[in-house]
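What follows is a set of notes on a single structure, which appears directly below.
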Amino acid sequence: MNRRDVLRMLTAGAVLPALTPELFAFYQQAQPGASYALRTLDPHQNETVVSMIDQIIPATDTPGAKAARVNEFIDVILTEWANDEERRNFLDGLADVDKTSGALFGKDFASASPAQQLVLLGSWTRPPSEPALGNRKKNLRPFGSPVAATRGCRATSSPCSRA
């Protein structure tokens with residue numbers, strides 16, 4: 001069993017009981033078609049996303065994020081679920097990636113070599129000494145209480161919303 005199988009099993013076990021029929025139906029419908037046309041990402045932004053996801057989840061003995069067309073799913077989420085601020089933050093973040101890549105390597109992220117792309121992506125990850133959950137575990141603690149579960153944590157209609 002490889003790490004993807006373990007992650008798939010853990011995620012399914014944790015998520016499936018929480019899915020409402022409506023949310024489950026949305027995710028079934030949110031799949032891009034065979035000849036998907038981008039609606040939010042422009043071609044350059046899409047190429048940046050493809051380059052990033054290919055570095056983050058490369059193809060191994062199983063398909064990677066590029067083969068899974070994760071970029072198209074991101075475009076669906078940005079188009080159909082993200083609000084204007086979330087969409088703007090995402091697109092501004094992509095522009096910042098290109099700006100940083102240009103300052104360091106003289107070319108945008110998608111045009112950078114795979115090694116240069118890894119340098120940039122690595123600069124945005126947590127240091128090895130930091131716990132995997134970092135402060136997120138501490139920040140989630142209040143949601144374990146009965147009060148938070150019934151009154152403090154409201155469902156949201158957007159998977160992009162932050163708690």
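Within the range 62-99, can you find the residues that are acidic (Asp, Glu) and free of Cβ contacts under 8 Å to residues at least 12 places away in the same chain? Listed by number, the residues that qualify are 84, 85, 92, 96.
Residues satisfying the criterion are absent from the range 74-89 (criterion: over 15 Å from the mean Cα position of the chain (by Cα), modelled with pLDDT under 90 and farther than 22 Å from residue 118 by Cα).
Check the range 24-36 and report whether any residue there is modelled with pLDDT of 95 or more and in a helix (DSSP H, G or I). Looking through the range 24-36, none of the residues is modelled with pLDDT of 95 or more and in a helix (DSSP H, G or I).
The values are calculated or read from the model by the stated rules, or taken from the named source; none is laboratory data. These numbers come from a predicted model, not from an experiment. As a convention, Cβ positions derive from the backbone with ideal geometry for all residues, glycine included, and neighbour counts pool all protein chains shown.
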